[in-house]
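The values are calculated or read from the model by the stated rules, or taken from the named source; none is laboratory data. Predicted, not measured: the structure shown is a model, and the values here were computed from it. Note that each Cβ is placed from the backbone with ideal geometry, even for glycine, and that neighbours are counted across all protein chains shown. Just so you know, the surface numbers come from the protein's heavy atoms only, side chains and all, with ligands and any DNA or RNA stripped out. Shrake-Rupley method; radii C 1.70, N 1.55, O 1.52, S 1.80 Å.
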Amino acid sequence: MKSLSHRVLIVLSILLVSSCSDSDEMDTDTMIDIPTTTEDTAVDLEALVMTNVSYGPSPEQVYDIYLPAGRTLSKTKVLILIHGGGWTSGDKDDMASFITPLQNLHPDHAIVNINYELATLEGQPAFPNQFLNVDMVIDQLTNDSQSLAILPEFGMIGASAGAHIAMMYDYSYDDQDVVKFVANIVGPADFTDPFYADDPQFPFALAALTDEAAYPDNTNYAEILSPAKVVSASSSPTLQFYGNQDPLVPLTNGQRLDTALANANVPHIFTIYEGGHGDNWSVESMLDLQIKISNYIDAYLSIED
């Protein structure tokens, strides 16, 4: 999905004049001192960027956080970016080009760009580890909300496998309803789809990605790991973007998720673009995607004055 994020940046650069950032940047491998606020005050906090903030023992469990100037505990909500890569590869850098456009369009939001533990052939599974990694990020941001001067309400923007992770977290793990919307860009949504189910190799691939010890015996992994199968009335509003010629995530996945969201009465928008897995969508499609995500932020994660 790196090419998709680059195309978003190109489109937005046509429309937006990016100003030079006056924010401080630091790597949290060194000691940092963040001003602590017990309540909203007249003190105007400066913008701050912290990179590679650890949220767990693994070197993969890190995130970058972009804190806006003038942030407060009562209004500064958080956008979380989740990269793709087939659950086995990818990096937060793949989503980095979303950051400047989001800062330009939504300057009062904090942005968190996360890495998570990647699945390996040596036995590190993706599921449920990657969903739990998101939970750890949200727990840490919530616990640190006072020192960061943020309001722990979140919107998630995920690409490909990252969109699957975002949906699964919201639909199955967000018991406190801190996630207010999910933007799903070409995310796998239904592993019971014949596109996957009729592939004789797929059950082995899914088993390799799954920690069987974390689920009850005889669990149907294709169902329990499919957002379209676990969506409910408590799921957050969901944006969907799919290509009509995607060789990796078929359009039928988006259609199945669209039906499931409608049946659960979950607010949603289903958008289909000409092209494949986000890599050859037109400039007009990419602009439409950005506008719809921005409108969703305004609708479901608005900043109160």
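What the Kirkwood sum gives for region 59-120 is a hydrodynamic radius of 12.5 Å, with every pair of different alpha carbons counted. Multiplying the residue separation of residue 252 and residue 136 by 0.36 nm and removing their Cα-Cα distance gives an extension gain of 38.6 nm. Around residue 130, under 12 Å between beta carbons, what's the net of Lys plus Arg minus Asp minus Glu among the other residues? That sum, taken over residues with Cβ under 12 Å, equals -4. Modelled spin-label separation between residue 49 and residue 146, with each label point placed 7 Å from Cα along the Cα-to-Cβ direction: 3.0 nm.
So, in nm, how far is label residue 232 from label residue 89 when the simple model puts each one 7 Å beyond its Cα toward the Cβ? According to this spin-label approximation, the distance is 3.7 nm. Anyone know which of 261, 239, 121 comes out most mobile in the 10 Å Cα GNM of the chain? Judging by the Gaussian network model, the answer is 121. Probing with 1.4 Å while keeping every protein chain in the model, the per residue accessible area of the chain equals 44 Å².
One decimal place: the segment residue 269-residue 220 gains 14.8 nm when fully extended, by the rule 0.36 nm per residue minus the C-alpha distance. So, with a 1.4 angstrom probe, what is the percent of accessible area on the chain that is carbon and sulfur? Its accessible area is 51 percent carbon and sulfur atoms.
Taking 1.567 mPa s as the viscosity and 4 °C as the temperature, the Stokes-Einstein diffusion coefficient of region 60-170 based on its alpha-carbon Kirkwood radius rounds to 91 µm²/s.
The stretch between residue 197 and residue 282, if pulled fully straight at 0.36 nm per residue, gains 27.5 nm over its current Cα-Cα span.
Dipole size of region 197-305 about its Cα centre, with +1 on Lys/Arg Cβ and -1 on Asp/Glu Cβ: approximately 220 debye, rounded to the nearest 20. Report the far tail of the P(r) of region 129-268, meaning the percent of Cα-Cα pairs longer than 24 Å. Of all Cα-Cα distances in region 129-268, 32 percent exceed 24 Å. Mean residue ellipticity at 222 nm, helices only, the chain: -9500 deg cm²/dmol; runs of at least 4 DSSP H residues each add -39,500 (n - 2.57), and the sum is divided by the number of residues.
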